[in-house]
Amino acid sequence: MLDSYKRDINYLRISVTDRCNLRCIYCMPPEGIPSISHSDIISFEDIITTVKQAVKRGVNKIRLTGGEPLVRKGIVDLVKMIAEIPGIEDFGLTTNGTLLANFASDLKKAGLHRINISLDTLDAEKYKQITRGGDLSKVLDGIIEAKKVGFDTIKINCVILESSTEPDAVAVAYFAQKNNLQVRFIHKMNLETGYFKQVEGGDGGNCKKCNRLRLTSNGNIQPCLFSESSFSIYTNGIDQAFNLALANKPKMGSLNKKGQFYNIGG
Ligand code: SF4
């Protein structure tokens, strides 16, 4: 499907929950967040119907995000249901990796193609500070298990403050190289001020070539991460929500004082 700037939109990112088991300092306030009530979290059925409609309209790339998608109950079943939809060529999931060691095998069997894992530092103490209490060893165990069960495309998402020459980024890049992982450097973004840069090693943030829409965890189609417009699949119907999102997708991102990374899915 084409947006009003003739960009080919073939990628749908789906935030399956706004909940997370970490509290990363650049994503969540220390006190946590007023979570969306269970009844307002998008159901698996509505996700599947939306994906099927999206595929009919030309989407062939799906990514599951959060919050932390692995905290959503039944996530493996959802992966299986999506993987069975014909026409999806690229099916990924982005995780903080802390639960991955327990899920990797089942996700692989369910049909997931690839995994992105958030890892900003290899310093256990610093990791604990950045995530407000996370255990780095669990992420490393998750990476080992994901490789063991046969995920051959594992990407590391490393958030950087200024540049990929920062000591933590250099250490993560070396770790990735040594372990045959790909690394992408994501400049720390700010929705409220509209600060973002293109992802190093990826295509996120390249507005000219933007190919994505987002489905939020409360059932809105979001045209752009850095814009405040979004369209409910419930009040508009799925097809009309896509039409409105395409028509209102901005030429480039500006700012978003309404949304949060944890309920849009980054
Ligand atoms: S800021 Fe918006 S238009 Fe630009 S790449 Fe991100 S989602 Fe696409």
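Each Lys or Arg adds one and each Asp or Glu subtracts one; over the other residues with Cβ under 11 Å from the Cβ of ILE42, this totals -3. If I build a Gaussian network model for the chain, linking alpha-carbon pairs within less than 10 angstrom, which residue out of PRO29, PRO250, PRO69 has the largest mean-square fluctuation? Maximum among the listed residues: PRO29. Sequence-ordered 3J(HN,Hα) estimates for the stretch 38-44 from the Karplus curve with 6.51, -1.76 and 1.60 and θ = phi - 60° stand at 3, 5, 9, 6, 4, 7, 4 Hz, glycine and proline given as x. Taking a straight line from the alpha carbon of LYS80, these lysines sit under 23 Å away, with near neighbours fewer than eight places off in the same chain left out: LYS52, LYS56, LYS61, LYS108, LYS109, LYS147, LYS148, LYS155. Electrostatic bookkeeping for LEU112 treats Lys and Arg as +1 and Asp and Glu as -1; over the other residues with beta carbon under 10 Å from its beta carbon, the sum is +3. Bridges between two residues of the chain, per DSSP, are antiparallel at a rate of about 20%. Other residues lying with their Cβ under 11 Å from the Cβ of LYS148 contribute a combined charge of 0, Lys and Arg counting +1, Asp and Glu -1. By the beta carbon rule, with partners counted only under 4.7 Å, the chain holds these lone Cys residues: CYS20, CYS158, CYS207, CYS210, CYS224. For the pair LYS126 and GLN240, label points projected 7 Å from Cα toward Cβ lie 5.1 nm apart.
If you run the Gaussian network model on the chain, springs between alpha carbon atoms under 10 Å, then out of GLU31, GLU145, GLU228 the most flexible one is GLU31.
Just by accessible area at a 1.4 angstrom probe, what is the order of CYS158, CYS207 from largest to smallest?
On the way: CYS158 0, CYS207 25 Å².
I get CYS207, CYS158, largest accessible area first.
Taking the Cα centre of each part, how many Å lie between the stretch 232-250 and the stretch 99-177? After rounding, the separation between the Cα centres reads 34 Å. Surface composition of the stretch 105-227: carbon and sulfur make up 50 percent of the accessible area, probe 1.4 Å. Given their separation in residues at 0.36 nm each and the Cα-Cα distance between them, LYS208 and LYS52 gain 53.5 nm when the chain is fully extended. Here the simple spin-label model places points 7 Å from the Cα toward Cβ, and for ASN102 and MET1 these points are separated by 3.6 nm.
Once the chain from ASP40 to SER232 is taken as fully extended at 0.36 nm per residue, the excess over their C-alpha distance is 67.9 nm. Placing pseudo-labels 7 Å out from each Cα toward the beta carbon at LYS138 and ASP152 gives an inter-label distance of 3.1 nm. Heavy-atom accessible area with a 1.4 Å probe sorts MET1, MET252, MET189, largest first, into MET252, MET189, MET1.
Couplings for the stretch 152-167, taken from phi via the Karplus curve 6.51 cos²θ - 1.76 cosθ + 1.60 with θ = phi - 60°, read 8, 10, 10, 10, 9, 9, 10, 7, 10, 7, 10, 8, 6, 9, 4, x Hz in order; Gly and Pro are left as x. Cross-link candidates for LYS251: which lysines have Cα within less than 18 Å, leaving aside residues fewer than 8 places away along the same chain? The qualifying lysines are LYS6, LYS197, LYS208, LYS209. Roughly what % of DSSP beta bridges within the stretch 1-145 run antiparallel, to the nearest 5? Roughly 5 percent of the DSSP beta bridges within the stretch 1-145 come out antiparallel.
The values are calculated or read from the model by the stated rules, or taken from the named source; none is laboratory data. Worth saying up front: this structure is predicted, and the values here are computed from it rather than measured. Cβ atoms come from the backbone with ideal geometry, glycine included; neighbour counts cover every protein chain shown. Each accessible area value is taken on the protein alone, full model and side chains, heavy atoms only, with ligands, DNA and RNA left out. Shrake-Rupley method; radii C 1.70, N 1.55, O 1.52, S 1.80 Å.
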